[in-house]
Amino acid sequence: MTAPQSLAIRCRGLTKHFGEVAAVDGFHLDVWEGSVVSLLGPSGCGKTTALRLIAGFEEPEAGTVEIGGREVAGPHGWVPPERRQVGMVFQDHALFPHLDVAGNVGFGLPDGDPARVAEVLDLVGLGDLSQRMPADLSGGQQQRVALARAMAPNPRVVLLDEPFSSLDAALREHVRAEVRQILAVAGATAVLVTHDQEEALSFSDVVAVMRAGSTVQVAPPTTLYLEPADEWIAGFVGDADFIEAPVQDGLATTALGEFPADGPDRVGARVMLRPESVVLEADETGKGVVTDRRFFGHDQLVTVRLDDGSRVRSRFGPTPVLAEGTRVAVRAESARVF
Ligand SMILES: Nc1ncnc2c1ncn2[C@@H]1O[C@H](COP(=O)(O)OP(=O)(O)OP(=O)(O)O)[C@@H](O)[C@H]1O
Ligand SMILES: [Mg+2]
C-alpha cells in the first residue's frame, strides 16, 4: 500500500443548527486518502449530522466541506449528494426489500452494470448470493450488501453511520473485522461514526473524538488512549481513575509513588491511571484494601480504596484471587499527569 498523500475530506468550521440546538458547531476534520477515520462521541454530540453535512444531505450555515480538493459546500458553491462521489452505509442497512442482492448493489449504476456488481459482490464475499432477497440474509450478510452497494459506484469516500450497532455482540466483532478487511483490500477512504470506543480504537487509523458539535482530539488510537488531551477524553475512550498528584521539580507525587511530569510546579494536578497499568499484590502492610472484584474470565477488574480515600482499579488476568477486604500493595507501571 502506498502512503496516503492527499486529503480526501477537509472540513473547516462547519456549523448546523436545528432550531436552538447547535448540532454541529465549528467542526474541523481532515481525512487522508486511503485512511479510515472514526468519529467517536456520546449520543447527541452531532456525529450523524457531521456525516450528513459531508455527504450533502444537510447544508451548513457556515464553514466548508472539500472532497478530493474540491469545495462541495461553502461560500463557493454547493454540490448535491449524488455528485459528491460519496457512498453511504446507514445504521439500519436500508436495503430495498423488493430487490435481490444484485438489484440492491446495482441500483445506482448505469443499467445495473452486472460486471461491476459481480466484482463488488466478490469483494464482500457474497458472489454466490446475488439472487437472494434481503429478508433471506443474516444481519452480517445484509451489512455486507449495504457496503457493496455503497462501494459499487467507486466513490471517493465511504461514510458509515453506526453500521454495526444493529448486530448482536458476537456477530458485530466478526462483521467489523470483515468490513475493515474489505475496506483495506479496496484501498478505500472511510469515515465511521460510532459511540463505541472499542470499535473506534480497533477499526480506524485515526480517531476523531467529538463533543458538543466539534472535534476535541484527533489522533491515532494508541496516542489517543495513552495521551488523551483532557480528563473527559481519557474517561470516554477507556477506564481511567484520577488521583491527586501535586507537581514539584518535574515530579508528580501520588499515593502510588512519583511520576515524571512536564510543566511548572502546581498543586492541583492529577494523574490518570489506566486499570491495566495498576499492579496489586496481597500485602498486610500495603496502602489499599480491595473493595470490589468483577470477574470476566479472560480478566478481572478489582477496585481498591487507598488509605487516603482515593479509588483506583486494576485489571489483570483471572488469577490471583484477591477477595474483598484483602489488604494490597499498589503500584502503577505508568501514569499520565494532567
Ligand atoms: N432533524 C433534526 N431536527 C431537530 N434536531 C435534530 C435533528 N437532527 C439532529 N438533531 C439534534 O442535533 C443534535 C445532534 O444530533 P445527531 O443525530 O447528529 O447526534 P449523534 O451524535 O449522531 O447522536 P447518536 O449517537 O444518538 O446517533 C441532537 O441534539 C439532536 O437531537
Ligand atoms: Mg447518530
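The values are calculated or read from the model by the stated rules, or taken from the named source; none is laboratory data. From a predicted model like this one, the values you see are computed outputs, not experimental measurements. Note that each Cβ is placed from the backbone with ideal geometry, even for glycine, and that neighbours are counted across all protein chains shown.
Please verify whether GLU284 is among the acidic types (Asp, Glu) and surrounded by 13 or more Cβ atoms within 10 Å (Cβ to Cβ), treating the condition exactly as stated.
So GLU284 fails the test.
Every residue in the range 1-32 that is at pLDDT below 95 and among the charged types (D, E, K, R), please.
Matches in the range 1-32: GLU20 only.
If you check GLU173 against the conditions, is it modelled with pLDDT of 90 or more and outside any loop (DSSP other than H, G, I, E, B)?
no
Mind listing whichever residues of the range 55-70 are within 30 Å of VAL185 (Cα to Cα) and part of a loop (DSSP other than H, G, I, E, B)?
Those that are within 30 Å of VAL185 (Cα to Cα) and part of a loop (DSSP other than H, G, I, E, B): GLY56, PHE57, GLY68, GLY69.
Just need a number here: residues in the range 198-216 that are away from ligand 1 (no atom under 13 Å from the Cβ) and either in a strand (DSSP E or B) or closer than 13 Å to GLY238 by Cα (or both).
Here the count works out to 6.
Here is a check on your reading of the model: is ARG313 under 30 Å from THR223 (Cβ atoms), out of contact with any Gly (no Cβ under 7 Å at 6 or more places or on another chain) and modelled with pLDDT of 95 or more?
yes
Being away from ligand 2 (no atom under 16 Å from the Cβ), in contact with a helix residue (DSSP H, G or I) (Cβ under 8 Å, 6 or more places away or on another chain) and among the aliphatic types (A, V, I, L, M) is the filter here, so list the residues in the range 158-176 that pass it.
Answer for the range 158-176, where residues must be away from ligand 2 (no atom under 16 Å from the Cβ), in contact with a helix residue (DSSP H, G or I) (Cβ under 8 Å, 6 or more places away or on another chain) and among the aliphatic types (A, V, I, L, M): VAL158, LEU167, LEU171, VAL175.
In this structure, is LEU39 at pLDDT 95 or above and in contact with a Phe, Trp or Tyr (Cβ under 8 Å, 6 or more places away or on another chain)?
No.
Report yes if ALA55 is assigned by TED's automatic domain parsing to the domain that holds LEU183, of a type in the set (A, V, I, L, M, F, W, C) and within 21 Å of the chain's Cα centre (by Cα), otherwise no.
So ALA55 fits the description; yes.
Hey, VAL31 hits all of (1) of a type outside the set (Gly, Ala, Ser); (2) surrounded by fewer than 20 Cβ atoms within 10 Å (Cβ to Cβ); (3) more than 15 Å from ligand 1 (Cβ to nearest atom) but one; which does it fall short on?
Only one criterion in (1) of a type outside the set (Gly, Ala, Ser); (2) surrounded by fewer than 20 Cβ atoms within 10 Å (Cβ to Cβ); (3) more than 15 Å from ligand 1 (Cβ to nearest atom) is unmet by VAL31, namely (2).
Yes or no, residue by residue, for (1) within 22 Å of PRO155 (Cα to Cα); (2) away from ligand 2 (no atom under 16 Å from the Cβ); (3) in a strand (DSSP E or B); (4) touching a residue at least 24 places away in the same chain (Cβ under 8 Å):
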{"site": "ARG12", "(1), (2), (3), (4)": "yes, yes, yes, yes"}
{"site": "ALA23", "(1), (2), (3), (4)": "no, no, yes, yes"}
{"site": "VAL31", "(1), (2), (3), (4)": "yes, yes, yes, yes"}
{"site": "GLY34", "(1), (2), (3), (4)": "yes, yes, no, yes"}
{"site": "LEU39", "(1), (2), (3), (4)": "yes, no, yes, yes"}
{"site": "LEU53", "(1), (2), (3), (4)": "yes, no, no, yes"}
{"site": "VAL72", "(1), (2), (3), (4)": "yes, yes, yes, no"}
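Identify, please: which residue in the range 237-273 is assigned to a loop (DSSP other than H, G, I, E, B) and within 27 Å of the chain's Cα centre (by Cα) and is, among those, nearest to GLY309 (Cα to Cα)?
ALA240
What pairs come up if the first residue lies in the range 181-196 and is in contact (Cβ under 8 Å) with a residue 40 or more places away in the chain, the second is basic (Lys, Arg) and surrounded by fewer than 22 Cβ atoms within 10 Å (Cβ to Cβ), and their beta carbons are under 7 Å apart, counting only those six or more places apart or on different chains?
The qualifying pairs are THR189/ARG156.
Of the residues that sit in the range 197-244 and are polar (S, T, N, Q) and touching a residue at least 24 places away in the same chain (Cβ under 8 Å), which one is farthest from VAL330 (Cα to Cα)?
Result: SER214.
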